[in-house]
Structure formats: C-alpha cells, structure tokens
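Q: Shown below is the structure under consideration.
The values are calculated or read from the model by the stated rules, or taken from the named source; none is laboratory data. The structure presented is a predicted model; accordingly, all values stated were derived computationally and were not measured. Virtual Cβ from ideal backbone geometry, glycine too; neighbours counted across all protein chains shown. The protein model used for the area step is the full one, side chains on, heavy atoms only, and it has no ligands, DNA or RNA in it. Shrake-Rupley method; radii C 1.70, N 1.55, O 1.52, S 1.80 Å.
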Amino acid sequence: MKDNSAVDTCLAELKVSIMKSLLVGMLVFIFEKIFIFANLKKFNLAKRKVGGRSDIKICTLKRGDLLEVPRTLFVHFGIYLGNNKVAHLMPDILPAISDDKYLTGKVVTNKRLILGVLAKVASIRVDTVQDFAYGGRIIVNHMDKSFKTKPLSNEDVAQRAERLVGATSYSLLWDNCEHFVTYCRYGFPVSSQTDKFCDTIKKIIRDQRSLLISAAIGMALTLCLGVGPFTTLPSFLITFTLWMAS
C-alpha cells in the first residue's frame, strides 16, 4: 500500500511539473510572438510617419484626400469629402438595434465599436474631421507612395465614398475601413493591415515550436484527464493541422 501511495505521489508531482513546464514554455512562446507583432506594428507606424504631417489644417485638405489616423493597435482610414467632413467605415452595433438617427449619429464609443466588430455590423458614416481623428494624428495620402496604381481623380474618389454611405457588410480582416478607402481611391479593395496580420499568423503556424507545444499540451491533457474524445481527438487534429501547414 505504501509503495502504491508513493508511486501515486510521484506521478502526481510529475504531472504538476510537466504542466508547469508547459505553461512556462507557452507563456514565453506567446510573449515572443506578441513582441514580434508589436515590433512589426511599431515599424509599420514609423514608416507611415515618414513624410506624414501632424496638426493638419482643414484648409489644406482637398476633397477626395485619403486620411489615415494611427491608433493603438491599428490604423483608421477615411475619405475627406470637403467642408470638414470625412466618410469612413465604422463598426457599430447601435444601428442594428435602434433607428434613432440622433443616437446613431453620435460619435461611436469603444463599447459600440467592439460589439459592432463581434456582430459584424458596420456603416459608412460621415463625421467631422475632429470626430474621425479622435485626437489622433492625421496623415494625408501617404498610401499613394506604396501603390503602383495611380489614384483616381479626387472628385471621383469623393463621389465613390458618398455613394457608399450607409449600412454595409463588415469583416475585421476581409472588409474593413482600409478596404473601403482603397476601393474609393484606387478602384479595388485591399488592406495592408490584413496582409501583415496574415503574414504574422503564417509565421506562427510555420514555427516548429508551435507544433511541439501543441503536441506537448495534448500529451499533458491526456495524462491528466485520460484518453477521451474531448482530449485526444482535438489535440491530434490541432497538431496534425500545424504539421501539415508548417
């Protein structure tokens, strides 16, 4: 009985040790990837600042200009329509639950924005330059430098944006504010932010450590919880998928 008890104690301690090691390894791995992504973001913003202008005066803006405002985790885009107005695609849950134009016309709060992203509800709305920038730094037509395609005339750009004002489909990756402005200014929707995000995910998937961590977590779960359809099968499928994608 004592021998069995000692064996059980050793096994329990071994499981705890394995789980702690896996947890530490996972945290280090996740931190490293977040650090890489953060550096990529800083590098992207640094490049955007070159040639950009701060404290833009409204009188210098032209109808049809493409405006960018770097935020904490992303860059927000809009098309200047003249008379201190900007058309921009904005996720917002409120228009889906209320027809009150007074309420929906107010500046979109963070709660409304997050719920709009989750519900995939958005609209192309017209706001003042100040409300669009939300205290951020405005960069004008900087994207023209990275596009091989010549932009449309400013009036055509503004008219395209005006025709699209109203409720619209939305996807954080595939149909966002950058897709809207590139369609208006260059004639086709693209998003460099989406491309960079997908490249980062691709790097994570192709990293062999992702495969090893997935396999180790699967083994740990199997040791702790036993063999079952809710532990072994998902672990195998995730590990197999990472292996095939790497």
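Q: From the alpha carbon gyration tensor of segment 137-195, can you work out the equivalent ellipsoid semi-axes (sqrt of 5 times each eigenvalue) and give them in Å, largest to smallest?
A: 17, 16, 11
Q: So, one more: Would you please give the residues with an amide H less than 5 Å from that of His76, counting only those at least 5 places away or on a separate chain, with H modeled from the backbone geometry?
A: Under 5 Å from the amide H of His76 lie the amide H atoms of Val69, Arg71, each far enough along the sequence or on another chain.
Q: Among Glu155, Glu178, what's the order by accessible area (1.4 angstrom probe), most exposed first?
A: Correct descending sequence by accessible area is Glu155, Glu178.
Q: Got a number for the accessible area of Asp175? Probe 1.4 Å, square angstrom, nearest 10.
A: Number for this one is 50 Å².
Q: Once phi is turned into θ = phi - 60°, what whole-Hz ³J(HN,Hα) does the Karplus curve with 6.51, -1.76 and 1.60 give for every residue of segment 166-183, x standing for Gly and Pro?
A: After applying 6.51 cos²θ - 1.76 cosθ + 1.60, I find x, 4, 8, 6, 8, 8, 4, 9, 10, 7, 10, 5, 6, 4, 4, 6, 5, 5 Hz.
Q: While we're looking at this one, here's another question. Using label points projected 7 Å from each Cα along Cα→Cβ, tell me how many nm separate Leu73 and Ser169, to one decimal.
A: 2.4 nm
Q: Sticking with the crude label model, points 7 Å out along Cα→Cβ, report the distance from Asp199 to Ile58 in nm, one decimal please.
A: 3.8 nm
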